[in-house]
Amino acid sequence: MALGAFLSLASSPVLAQSPAAQRGLTFVRIHCAQCHAIDKVSDSPLAIAPPFRTLHLKFPIESLRRRLAEGIVADHPTMPQFRLDPDQLADVMAYLQTFEP
């Protein structure tokens, strides 16, 4: 019984992620989840904010690296402008890459 519970937990998406992706998830929970869906199933709380799980369908996730490092500016005024430091950037990129097939 205990082994089954452990195997179930080990296959959980959060536990299966690298430490960098786990830190990235923590970052996006704090800074992005108010507007964006940051998981694989939820709708974004703000309708114009794309769910993170769909970003890789629109463009390569790697293309976000420079925008996040330099300061992302969105086409709508509700998105705050921000710039990630190199460690934050690596962590968020690792998390976003978990959505890619």
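The values are calculated or read from the model by the stated rules, or taken from the named source; none is laboratory data. In this text, all values refer to a predicted model and were calculated from it rather than measured experimentally. Virtual Cβ from ideal backbone geometry, glycine too; neighbours counted across all protein chains shown.
Quick one: how many residues across region 61-99 are in a loop (DSSP other than H, G, I, E, B) and closer than 20 Å to ALA21 by Cβ?
Step one: of region 61-99, the residues in a loop (DSSP other than H, G, I, E, B) are 71, 73-81, 83-85.
Keeping just the survivors that are closer than 20 Å to ALA21 by Cβ gives 84-85.
So the count comes out to 2.
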> Looking only at region 88-101, which residues are farther than 20 Å from PRO51 by Cβ and either of a type in the set (Ser, Thr, Tyr) or in contact (Cβ under 8 Å) with a residue 60 or more places away in the chain (or both)?
Replying inline: GLN88, ALA90
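So is PHE99 over 16 Å from LEU25 (Cα atoms) and out of contact with any Pro (no Cβ under 7 Å at 6 or more places or on another chain) or not? Show your work before the answer.
Working: over 16 Å from LEU25 (Cα atoms): no; out of contact with any Pro (no Cβ under 7 Å at 6 or more places or on another chain): yes.
So PHE99 fails the test.
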> Pick from region 60-89 the residues that are touching a helix residue (DSSP H, G or I) at 6+ places or on another chain (Cβ under 7 Å) and either β-branched (Val, Ile, Thr) or surrounded by fewer than 15 Cβ atoms within 10 Å (Cβ to Cβ) (or both): which of them is modelled with the highest pLDDT?
Replying inline: ILE61
>> For region 25-60, which positions are of a type in the set (D, E, K, R) and in a helix (DSSP H, G or I)?
In response: ARG29, ARG53, LYS58
> Do we find a residue being more than 17 Å from TYR95 (Cα to Cα) and among the hydrophobic types (A, V, I, L, M, F, W, C) anywhere in region 49-65?
Replying inline: yes
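What are the residues in region 1-24 that are assigned to a helix (DSSP H, G or I) and at pLDDT 50 or above, if any? Explain how you work it out, then say what you get.
Filtering region 1-24 for residues assigned to a helix (DSSP H, G or I) gives 2-10, 13-16, 19-24.
If the condition is that a residue be assigned to a helix (DSSP H, G or I) and at pLDDT 50 or above, then ALA16, PRO19, ALA20, ALA21, GLN22, ARG23, GLY24 are the ones that fit.
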